[in-house]
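Here, each number is a calculation from the coordinates, and none is a lab measurement. Values in this document were obtained by computation on a predicted structure and should not be read as measured data. Every residue, glycine among them, receives a Cβ derived from its backbone with ideal geometry; neighbour counts consider all protein chains shown.
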Amino acid sequence: MLPVSKPRARGQGLADTGKDIERPLGQTVRPPRVARKVSSGAIVASLAVLAIVGVSGAIALREKPFRKPQQVAVSTPKASVTAEPAAPGALAPVAAPKPDTPAKAGGPQIIHVQTEEGDGPPRAAIVIHDPSTIGQNLKIAHIPDAELIESSETGPLPVRAADGRRPFDVYARPWSGARGARVAIVIGGLAVSQTGTQAAIAKLPAEVTLGFAPQGNSIGRWMQAARQSGHEVIMQVPLEPFDYPNVNPGRNTLTVTASADENLKNLHWALSRTTNYTGVMNYMGARFSADASAMGPFMAELGKRGLAYIDDGSSARSLAPDLALKDGVPFVAGDAAIDAVQDRGAILKKLDELEATARAKGSAVGIGSAFDLTVDTVSSWVVEAKKRGIEIVPISAVAIDPQKG
C-alpha cells in the first residue's frame with residue numbers, strides 16, 4: 001500500500017518544493033511578506049533628524065538671527081546708558097546718542113548693551129570710551145546744541161552744558177588723530193563781504209577753519225552754510241591795538257580803559273552774534289593782550305564758557321599763553337600771517353614755511369583773511385600739500401588743552 005501524504009497548507013508547497021504541479025492554475029503566487037522589526041535606535045535617530053530640521057527652520061524664519069554677545073555689543077541699537085556718579089569737579093557722563101549720531105564730549109561713558117529681547121536672561125556687554133575723541137557728526141553740525149546755549153538780550157551765548165561738555169569739544173571738526181605733520185589754517189573776516197564769504201565757504205577745503213567778524217551781516221546763515229560744508233568755525237573779537245582809536249578794530253572794541261563789566265558786555269555782544277563755534281580769535285589787540293588787568297577777566301570768561309582762545313601771533317607781548325593755562329582755556333598761537341603781502345608767490349612762500357615747521361615740530365598754524373587771492377591760493381596749496389603727506393586739520397586739533405593735560 002502506498003503511503004498517503006498529508007495535505008499541506010496553502011502555499012506551503014511553493015516554499016518547500018517549488019514544483020509547478022502544486023501551483024494554482026493561472027496564478028503566480030508571491031512569497032508572503034515577512035514583518036520587519038523596527039529597533040528603538042532607529043526611532044530615536046529619526047526623531048533627532050526631525051528635531052534638527054525643525055530647529056533649523058525656526059532659526060531661518062526668525063526676523064533676526066542669533067548673534068554672539070560680542071557682535072551684539074557693536075551692532076545692536078538697543079543700548080541703555082548707566083551714568084556712574086562723577087567725582088567732585090569731574091565732568092559727568094552723558095547719555096548715549098542715537099546710532100547714527102556720534103557721542104558728545106564730556107567724559108567716559110559706560111554703555112550696557114543687551115541682547116535681543118526674548119533670548120532669555122539679559123547678557124550684557126560693556127563698552128567704555130571717551131566721547132571727546134569722537135568729533136561732531138558733520139551731517140548735523142549746523143544745528144546748535146540747545147544745552148550749550150545761554151539766552152541773552154543780544155542773542156545766544158555759548159556756555160558749558162550742565163554735564164560739563166564744552167563748545168570747544170562738541171563743535172570741533174573730527175580729524176585723524178595721527179601724529180604726522182599737521183597744518184591748521186584759519187581764514188578770518190567772513191560775513192563782512194557777502195560774495196567773498198560765499199566764495200570762501202565754497203572754495204576752501206573743509207579742513208580749513210573759518211573765522212567770522214562780529215560786525216558782519218547774516219552771520220547765522222553763513223555759519224550754517226560753513227558748518228554744512230564741514231568747516232570748523234571760530235568767532236573773532238575786536239581788542240584794542242596800540243594807537244587806538246586812530247587804528248580801530250570796529251564797534252564794541254574791548255579796551256584797557258574800560259571797566260571789566262563793560263568789556264564783558266562787549267565780549268558778550270560779539271559772542272552772541274552766532275553759535276556753533278569752538279573758540280574766539282583776537283582781531284588786532286596788541287595793547288589789550290599785554291595788559292593783565294584787561295586780559296585777565298576776558299580769559300576767565302572764556303574758560304567759564306568752555307571756549308578756546310586763538311592768538312593770531314601778531315604780538316610777542318601777549319599774556320594769553322599764561323592766562324589760558326591759569327583759567328583752563330584751550331590755547332593756540334599762530335605761527336605766521338600768510339597773506340600780509342597780497343601776492344600769490346608771497347602767500348605760497350608762507351604756506352611752504354608752515355609745511356617746513358610742521359615737519360620739524362609736528363604742527364604749524366597759519367592765519368589769513370578772506371581775500372579772493374588768499375582763498376584761491378590756499379585752496380590750491382592744500383590739494384598739493386595733502387599729496388606730500390601733510391594733514392590739514394581744524395584749529396581745535398592743535399590746541400593745548402589744560403583740562404586734558
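If you average the sequence gap of Cα pairs under 8 Å that are 6 or more apart and divide by the length of the stretch 141-404, what percent do you get for the contact order?
Relative contact order for the stretch 141-404 comes out at 26 percent.
If you average the alpha carbon positions of the stretch 351-366 and of the stretch 217-288, how far apart do those two centres end up, in angstrom?
If you average the Cα positions of each part, the centres end up 27 Å apart.
What residues have an amide H closer than 5 Å to that of residue 287, excluding those fewer than 5 places away on the same chain, when H is modeled at 1.01 Å from N in the peptide plane?
Answer set, sorted by chain and number: 242.
Among 390, 400, which comes first, second and so on when ranked by fewest other beta-carbon atoms within 10 Å?
400, 390
Arrange 212, 242, 331, 371 by Cβ neighbour counts within 10 Å, fewest through most, would you?
Sorted ascending by nearby Cβ count, the order is 242, 371, 331, 212.
Please turn the phi angles of the stretch 375-388 into ³J(HN,Hα) values with the Karplus equation 6.51 cos²θ - 1.76 cosθ + 1.60 (θ = phi - 60°), one per residue in order, whole Hz, x for glycine and proline.
Going residue by residue, I get 4, 5, 5, 4, 4, 6, 5, 4, 4, 6, 5, 4, 5, 8 Hz, with x marking Gly and Pro.
What ranking of 392, 338 emerges when the number of other C-beta atoms within 10 Å of each C-beta is taken as an exposure proxy, fewest first?
Listed from fewest to most nearby Cβ atoms, that is 392, 338.
Only loop residues by DSSP count here, and only those with at most 16 other Cβ atoms within 10 Å; note down the trypsin sites (Lys or Arg not before Pro) in the stretch 154-194 that meet that.
Loop-located and lightly packed - 179.
Among 295, 316, 198, which residue has its Cα positioned farthest towards the positive end of the charge dipole of the stretch 141-404, with +1 placed on the Cβ of Lys and Arg, -1 on the Cβ of Asp and Glu, and the dipole taken about the Cα centre?
Value: 198.
With charges only on Cβ, +1 for K and R and -1 for D and E, what is the dipole size of the stretch 326-380 about its Cα centre, in debye, rounded to 20?
220 debye
How high is the relative contact order of the stretch 268-385, in percent, counting Cα pairs under 8 Å that sit 6 or more residues apart?
In percent, rounded to a whole number, it is 20.
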